Amino acid sequence: MMSRIEETLGDAAAVSSDFIVGFCGETEEEFQETVNLVEECRFKNSFIFKYSERPGTKAANHLPDDVPFDIKRRRNNELLEVQNRISEEDNHRFLGQTVSVLVEGKSKRFDKQSDEPVDTNGPIQLTGRTHDDRIVVFDGNTRLIGEIISIGIYEVSGLTLLGTVVTGDVVTLGA
């Protein structure tokens, strides 16, 4: 699947997925098939959850919740580790690259920092997304929100690219 997408769109696309581990009757072999699928497809990211009964659903009404919680937790953590490793490995290709970013707003970290007033005319921590939906965090001015700008990437994790605004020539007025 991924090779066909890559052949058609190259780096212009990324695929994410959702997984529920520990669904009724899930065996270790079936779980391992899921791990193998994640390894093969190398999703950009995955949303991974432990199964839990929801009243009124077909599963709750017709299937026993027969996978013990500790097994669900182990499988959840294992699949998260696999996905986080893949995401970080794949994000390394962005190190030293310049990417186009749609600036969305203040970063979550900035919003949590303090209740003291901040000079929003100066640089603050902002966040945005690349064309393939990767999260980028960088320092900038709030007037950039809604703009597409160039960001040079200097650090990566499984979930985030960290960068700095790339500008053209800077002219200093006055001395």
I'd like the FRET efficiency for H62 and N36, computed as 1/(1 + (r/R0)^6) with the beta carbon distance as r and R0 of 30 Å, rounded to 0.05. 0.60
I need the peptides 54-67, 128-141, 80-93 ranked by packing, meaning the mean over residues of other C-beta atoms within 10 angstrom, with the highest value on top. 128-141, 80-93, 54-67
Taking 35 Å as R0, compute the FRET efficiency from the Cβ-Cβ separation of E29 and Q125 and round it to 0.05. 0.20
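Lys and Arg at +1, Asp and Glu at -1: add these up for the other residues within a Cβ distance under 13 Å of I71 and post the number.
On the way: positive: K50, K72, R73, R74, R75; negative: E26, E28, E30, D65, D66, D70, E78.
Once positives and negatives cancel, what remains is -2.
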E81-T167 pseudo-label distance in nm [points 7 Å out on the Cα-to-Cβ vector]: 4.5
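Set the Förster radius R0 to 22 Å, insert the Cβ-Cβ distance between K108 and E155 as r into 1/(1 + (r/R0)^6), and round the FRET efficiency to 0.05. Intermediate results must be reported in sequence, preceding the final value.
Values: r = 17 Å, r/R0 = 0.78.
Working from the Cβ atoms, E equals 0.80.
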Given the Cα-Cα distance of R4 and T142 and 0.36 nm per residue of separation, how much length would full extension add, in nm? 45.8 nm
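None of the figures in this text is laboratory data; all of them are computed from the coordinates on show. Only a predicted model underlies this, so the values are computations on that prediction, with no experimental measurement involved. When we count neighbours, we look across all protein chains shown, and the Cβ atoms used for this are built from the backbone with ideal geometry, even at glycine.
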